[in-house]
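Worksheet: one structure, shown below.
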Amino acid sequence: MDDAPHALRLGLRSGFGNMWLRIGNVKLFADGALGPQTAAMLQPYEGSDSLGTTILDKEEIVEIGQQVAKQGFGLAIHAIGDRANHEVLDAYAELRRMEVAAGLPHLRHRIEHVQLLHPQDIPRLAELDVIASMQPYHVISDMFTADRHWGQRAQYSYAWQSVLSSGAKLAFGSDAPVESPNPFWGLHAAVTRRRADGLPGAEGWQPQERVSLMAALQGYTTGAAYASGWENQLGQIQPGFLADLIVLERDIFDLPPSELRDIQPLAVMVGGDWVVQGIGN
């Protein structure tokens, strides 16, 4: 956001660039994080009177969104706590009304992380056509902290299946360098919601929010391609798409879910060229 005025003066917008380097959305922060209890909450943290920290509220987000939307920039807003996600959704509702009233393009706004939602806000992502950009491996790092700080509210955290079932567009990523960029660690987390050591048990943490392997793969491929505006070029092995792909030694659909995190590619192709071979040998 700090560089947005300069970008606007230059005439830049979302999608400017080429296949190697491309400008995406304007990144904003609505709140802090779970661990230090700075994520903005509707009700206090367990055993505390703290409601976390709000960095941007609805009105501030709308003001920024109005400035950058006129030049074609979508927003990508970091929101962790249920209050932050609620404020962001309220802001996006206002911006959607503004798009219609001003005859502006329907932009691909998204929320980054969407870690805790009030149950009444879950269907609003689909209603407002806001992309849920989520990182499965966060659940491995955060599950016990979420139990400690959010208590019963944790049942609505990292709610991939609920978001998917609501009809929202789901895009998976890694949040590297905060977490490992290894997508197989993320696939394992999405399907099992268990750590590498098997904790917290066979069913995983908050198992109602596990997703199928196919849904997880779509989150990392077609979902991520859509979020970045590349759905007609990336994310599928189809005629006319860029040949960005990996070759695996084993069919991951025939593996026990616990073995997903150990998968290594045999070869990597980018744009039709083999760039690495023999990784898994």
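The values are calculated or read from the model by the stated rules, or taken from the named source; none is laboratory data. All values derive from a computational prediction rather than experimental measurement. Neighbour counts are summed over all protein chains in view; Cβ atoms, including those assigned to glycine, are modelled from backbone coordinates with ideal geometry.
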Specify which of the listed residues (ARG194, ARG261, ARG250) is charged (D, E, K, R), crowded, with 16+ Cβ neighbours inside 10 Å and not in a helix (DSSP H, G or I). ARG194
Take the residues in region 197-216 that are closer than 12 Å to GLN161 by Cα and among the small types (Gly, Ala, Ser); name whichever of them is surrounded by the most Cβ atoms within 10 Å (Cβ to Cβ). ALA216
Kindly establish whether VAL276 is free of Cβ contacts under 8 Å to residues at least 12 places away in the same chain and of a type outside the set (D, E, K, R). yes
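Surrounded by 15 or more Cβ atoms within 10 Å (Cβ to Cβ), among the β-branched types (Val, Ile, Thr) and not assigned by TED's automatic domain parsing to the domain that holds TYR158: is that true of VAL268 in this structure?
Details: surrounded by 15 or more Cβ atoms within 10 Å (Cβ to Cβ): yes; among the β-branched types (Val, Ile, Thr): yes; not assigned by TED's automatic domain parsing to the domain that holds TYR158: yes.
Here the answer is yes, as VAL268 does meet what is asked.
Residue-by-condition table, conditions (1) assigned to a loop (DSSP other than H, G, I, E, B); (2) modelled with pLDDT of 95 or more; (3) among the aliphatic types (A, V, I, L, M):
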| residue | (1), (2), (3) |
| --- | --- |
| GLN152 | no, yes, no |
| GLN155 | no, yes, no |
| LEU164 | no, yes, yes |
| GLY167 | yes, yes, no |
| VAL178 | yes, no, yes |
| GLY186 | no, yes, no |
| ALA189 | no, yes, yes |
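Test GLY65 against the stated conditions and say whether it is part of a loop (DSSP other than H, G, I, E, B) and crowded, with 17+ Cβ neighbours inside 10 Å. Write out each step before concluding.
On the way: part of a loop (DSSP other than H, G, I, E, B): no; crowded, with 17+ Cβ neighbours inside 10 Å: yes.
Against the criterion (part of a loop (DSSP other than H, G, I, E, B) and crowded, with 17+ Cβ neighbours inside 10 Å), GLY65 does not qualify.
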Is at least one residue of region 227-240 surrounded by 19 or more Cβ atoms within 10 Å (Cβ to Cβ), in the same structural domain as MET143 (by TED's automatic domain parsing) and touching a residue at least 24 places away in the same chain (Cβ under 8 Å)? yes
Is it true that some residue in region 102-125 is in contact with a helix residue (DSSP H, G or I) (Cβ under 9 Å, 6 or more places away or on another chain), in contact (Cβ under 8 Å) with a residue 60 or more places away in the chain and of a type in the set (D, E, K, R)? yes
